[in-house]
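In what follows, a structure is listed as structure tokens, so that the remarks can point back to it.
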Amino acid sequence: IAAPRDFTAKWLAPRLADYAKNDPELRFVLLTSDGEIDFTQANIDLAIHWGTDPGEHEGVKVADGAMVLVTGIHESAAATVIAWPGASVEDVVTLRVADAGLAIDAAAHGFGTATVPALLVQADIAAHRVRAIGDPSPVADAYWLIAPLPQWRQKKVKMLVAALTAQNGTLSVG
């Protein structure tokens, strides 16, 4: 499975752990991907893609795209700004980090506010590591589970996609 590091840490890994509880012999290979995914070169069965659609592959949207502004539990809403490559930031930036996961962690540690994908920050909000400032704002991009048609048709991929999407609620198929 190829996925962005922050997506793996904040969303995918806990769900794979739950899925694997039913089969103690199940094994995963997780690869970091932050751009184009070559399914043949790395022998990848499934990937996670951030975009408006699954691109040239078969795919299922994990959840509708939404961004939310978060800050540490004890921080004021007027805190400084944390930026990462996927966030459009117009304010003066105090801290730049590599991805949304690091932005969430930086906000939790009191560095300031970060606008991050709502899907990735759900567990941190529930655990009271960060708090949302306002409601999530819809965006066109979303996380997609994708694969070329031959992999998409494989039983193991179908079962994994079904398990991952069943845990998340509503979906859109592309």
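Dipole size in debye (nearest 20) for the chain around its Cα centre, Lys and Arg Cβ +1, Asp and Glu Cβ -1?
Magnitude of the dipole: close to 580 debye.
Compare A114, A66, A162 in a GNM of the chain, Cα atoms joined below 10 Å, and give the one with the largest fluctuation.
A162
From the backbone phi of region 46-57, what are the Karplus-calculated ³J(HN,Hα) couplings (6.51 cos²θ - 1.76 cosθ + 1.60, θ = phi - 60°) in whole Hz, Gly and Pro given as x?
8, 9, 10, 10, 9, x, 7, 7, x, x, 7, 10
Using 18 Å as the cut-off for backbone N distance, which residues of region 126-164 belong to the label zone defined by a point 7 Å from the Cα of A13 along Cα→Cβ?
Inside the label zone: 126-130.
Return the whole-Å distance between the Cα centroid of region 1-60 and the Cα centroid of region 98-163.
The two parts, judged by their Cα centres, are 13 Å apart.
May I ask you to derive the relative contact order of the chain, considering only C-alpha pairs under 8 Å and at least 6 residues apart, and to give it as an integer percent? Walk me through the numbers before you get to the answer.
Values: 324 pairs, mean separation 57.7, N = 174.
It comes to 33 percent, rounded to a whole number.
Can you tell me how much longer the chain between I133 and Q154 gets when fully stretched, taken as 0.36 nm per residue apart minus their C-alpha distance, in nm with one decimal?
Result: 3.4 nm gained on full extension.
Just the number please: accessible area per residue for the chain, 1.4 Å probe, all protein chains included, in Å².
Per residue, the chain has an accessible area of 54 Å².
From the phi angles alone, apply the Karplus equation (6.51, -1.76, 1.60; θ = phi - 60°) to region 9-23 and give each ³J(HN,Hα) in whole Hz, x where the residue is Gly or Pro.
Per-residue couplings from phi come out as 5, 8, 10, 6, 4, x, 6, 5, 4, 4, 4, 6, 4, 7, 9 Hz.
Considering only protein heavy atoms, what is the solvent-accessible area of H109 at a probe of 1.4 Å, reported in Å² to the nearest 10?
Per-residue accessible area (H109): approximately 140 Å².
List residues of region 53-67, by number, whose backbone nitrogen lies under 14 Å from a label position 7 Å along Cα→C-beta of E36.
56
Enumerate by residue number the trypsin sites (Lys or Arg not before Pro) in region 7-92 meeting two conditions: DSSP loop (anything except H, G, I, E, B), and at most 12 other Cβ atoms within 10 Å of the site's Cβ.
On the way: sites: K10, R15, K21, R27, K61; in loops: K21, R27.
In loop regions of region 7-92 (DSSP not H, G, I, E or B), the sparsely surrounded trypsin sites (Lys or Arg not before Pro) are K21, R27.
The values are calculated or read from the model by the stated rules, or taken from the named source; none is laboratory data. Owing to the predicted nature of the structure, the values given are computational and were not obtained by experimental measurement. Because the Cβ atoms are built from the backbone with ideal geometry, glycine has one as well, and the counts that use them run over all protein chains shown. What goes into the accessible areas is simple: the full protein's heavy atoms, side chains included, and nothing from ligands, DNA or RNA. Shrake-Rupley method; radii C 1.70, N 1.55, O 1.52, S 1.80 Å.
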